[in-house]
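The values are calculated or read from the model by the stated rules, or taken from the named source; none is laboratory data. A quick note: this is a predicted structure, and the numbers were derived from the prediction, not measured. Backbone-built Cβ (ideal geometry, glycine too); neighbour counts: all protein chains shown. The area values use the complete protein model at the heavy-atom level, side chains included, leaving out ligands, DNA and RNA. Shrake-Rupley method; radii C 1.70, N 1.55, O 1.52, S 1.80 Å.
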Amino acid sequence: MFETLTALPPDSILGLSAAFKKDPNPHKIDLGVGVYKDEQGNTPILECVASAQHLLLASETSKVYITPQGNQGFIDGMLRLLLGENSFVLNHNRVAAVQAPGGCGALRILAELLIRIDENTTVWVSDPTWANHMPLLGDAGLTLKTYPYFDKDNASIKFDEMMDCLSKVGPNDVVLLHGCCHNPTGADLSKEQWQDVAALAAKVGFLPFVDTAYQGFGDGIEEDTYGLRLLIDSVDEVIVAASCSKNFGLYRERVGLAAIICKDEKTRDIAQSQIQSVARGIYSMPPSYGGALVDIILNDKALYTTWTNEVNAMRVRMATLRQMLVTNLQQQNVDKDFSFINAQKGMFSFLCIPPQQVQQLRDEHSIYFVDSSRVNIAGINHNNVGTLAKAIAQTL
Ligand SMILES: Cc1ncc(COP(=O)(O)O)c(C=O)c1O
């Protein structure tokens, strides 16, 4: 039966990792896959996670299933983190939520829920957006359309075009927005732009769908919720997919949260039953381990402080790397202004160079990143930044 299928090409990012591993050049640089790396190029277990693991090991007494909605301590902690300690919608019991297997799991659960509401639902995603949004949302049956977002020629957000497009979407359409640290461009909306988007959502009636995978990597843990919280203050309904992969360094443990802000408590109860049934129909119940670790960290004062310090250190390091790259490029006298990299947020930036030059950097300098010219800023360090800047200058 399976011979009727056709073989698919390897995933482009994972293929890039494989090519990097094979490359014998001792000076090769990996700026591909989106994982945080320290100065030594490692992705370490956070100190708060290591401590939580000890506590969990000492206290866990059973491996019996958890419930389809997941660990309630985790859910409550995450909702406080995303929506705020004194969130109006939380205090009024208007939020349905489940623990999900990663941000990807959260995106898919919410997509399946949207399909239950209306199988003809359209979701608008930014052009460009994270490549995996297409299969995660599209394979659930949602219709995907794009709104203008990033202008590669000027390395800036096409805000007027974006607003013009979103002003014409249907009142039952869904608009996916990156909560912070836009992947792949690193170009985030300003506070004023978020205010305009929130006002437009209220006027047009579209449902905002906020994907938050990098909370704390942009301007700060609290600051990075600005857009999400503003939307919740502006319209009755918002859906949220959050990931703990990057900011807790829990990539392989698959920890995320799907949340639905409803117009009232009665609707919240309906949405809660539906979202749990969606989860039950896909994987029954989420993995316990990673969510239990986040539960411990978010609900322990000392560990929470350690975590915030660790997230802040990662953010500051990435901002420093951005400056270092821009300075090194300036020192090479490149004929292109890369200062936009300093203004961008989080783990990614578009270098805004054509795919042929990306390929040339790979072939001639063993520098690996995706064809769109998205680089993982965290893959840069004091040792490789000079080589990187020189190679870019030569290629340009
Ligand atoms: C924009 C965005 N959303 C969601 C995710 C999902 O992350 P995960 O499933 O690893 O938690 C990612 C991960 O790269 C992402 O970049």
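Do you know the relative contact order of the range 1-157, to the nearest whole percent, from alpha carbon pairs under 8 angstrom that are 6+ apart?
Once normalised by length, the contact order is 12 percent.
Given R₀ = 22 Å, FRET efficiency for Asn309-Leu396 by Cβ-Cβ distance, to 0.05?
Working from the Cβ atoms, E equals 0.05.
Determine the share of the range 50-299's accessible area contributed by carbon and sulfur atoms, expressed in whole percent, with a 1.4 angstrom probe.
Values: 5010 of 10320 Å².
In the range 50-299, the share of accessible area belonging to carbon and sulfur is 49 percent.
Please list, by residue number, every one of the chymotrypsin sites (Phe, Trp or Tyr not before Pro) in the range 39-124 that is coil in DSSP and has at most 13 other beta-carbon atoms within 10 Å.
Of the chymotrypsin sites (Phe, Trp or Tyr not before Pro), the ones in loops of the range 39-124 whose Cβ has at most 13 other Cβ atoms within 10 Å are Tyr65.
What lysines sit close enough to Lys336 to cross-link, taking a C-alpha to C-alpha distance under 26 Å and skipping anything fewer than 8 places away on the same chain?
The qualifying lysines are Lys28, Lys152, Lys158, Lys345, Lys390.
By its C-alpha gyration tensor, with a ≥ b ≥ c as the square roots of the eigenvalues, how is the range 261-394 shaped: rounded for a/c under 1.5, else prolate for a/b larger than b/c, else oblate?
Details: a/c = 2.79, a/b = 2.03, b/c = 1.37.
Cα axes put the range 261-394 in the prolate bin.
Per the Cauchy relation, a quarter of the hull surface: what is the mean projected area of the convex hull of the alpha carbons in the range 120-198, in nm²?
Its average projected convex-hull area is 5.2 nm².
Can you tell me the accessible area per residue over the range 1-125, all protein chains present, probe 1.4 angstrom, in square angstrom?
57
Quick one: angle between helix 47-59 and the longest Cα principal axis of the chain, in degrees between 0 and 90, rounded to 10, please.
Result, in degrees: 40.
Have a look at Glu310, Glu39, Glu112 and tell me which one the Gaussian network model of the chain (Cα, springs below 10 Å) gives the largest fluctuation.
Glu39
What trypsin sites (Lys or Arg not before Pro) in the range 76-146 are in a loop by DSSP, with at most 15 other Cβ atoms within 10 Å of the Cβ?
Listed in order of number, the matching sites amount to none.
Would you mind working out the accessible area per residue for the range 230-332, using a 1.4 Å probe, and quoting it in Å²? Walk me through the numbers before you get to the answer.
On the way: 4310 Å² over 103 residues.
Result: 42 Å² per residue.
Quick one: of the DSSP bridges fully inside the range 50-299, what percent are antiparallel, nearest 5?
Working: 14 of 31 bridges.
Antiparallel: roughly 45 percent of the beta bridges in the range 50-299.
Can you tell me how much longer the chain between Ala131 and Ser59 gets when fully stretched, taken as 0.36 nm per residue apart minus their C-alpha distance, in nm with one decimal?
That pair, Ala131 and Ser59, stretches by 22.0 nm at full extension.
Take the Cα pairs of the range 270-329, get the Kirkwood Rh, then feed it into Stokes-Einstein at 25 °C and 0.890 mPa s and tell me D in µm²/s.
Details: Rh = 15.1 Å.
Translational D for this selection: 163 µm²/s.
Which one, Tyr283, Tyr251, Tyr226, has the greatest fluctuation when you compute a Gaussian network model over the chain with C-alpha springs under 10 angstrom?
Highest fluctuation among the options: Tyr283.
Using only Cα atoms, tell me the angle between helix 301-331 and the longest principal axis of the chain; keep it within 0 to 90° and round to the nearest 10.
In the chain, helix 301-331 runs at an angle near 30 degrees to the longest axis.
Run lengths n ≥ 4 of DSSP H only: what is the helix-derived mean residue ellipticity at 222 nm for the chain, with -39500 (n - 2.57) per run over all residues, to the nearest 500? Display every interim value, and only then the final one.
Details: 15 runs with 178 residues, N = 396.
So the helix-based figure for the chain works out to -14000 deg cm²/dmol.
When ligands, DNA and RNA are left out and all protein chains stay put, how many square angstrom of accessible area per residue does the range 356-396 have with a 1.4 Å probe?
Averaged over the residues of the range 356-396, the accessible area is 38 Å².
Principal axis lengths of the range 50-299 from Cα atoms, whole Å, largest first?
Here the spans come out as 56, 35, 34 Å, largest first.
Springs between alpha-carbon pairs under 10 angstrom, Gaussian network model over the chain: which of Lys263, Lys152, Lys63 fluctuates most?
Lys63
Whole angstrom only: what separates the Cα centroid of the range 191-251 from the Cα centroid of the range 332-396?
For the range 191-251 versus the range 332-396, the Cα centre distance is 29 Å.
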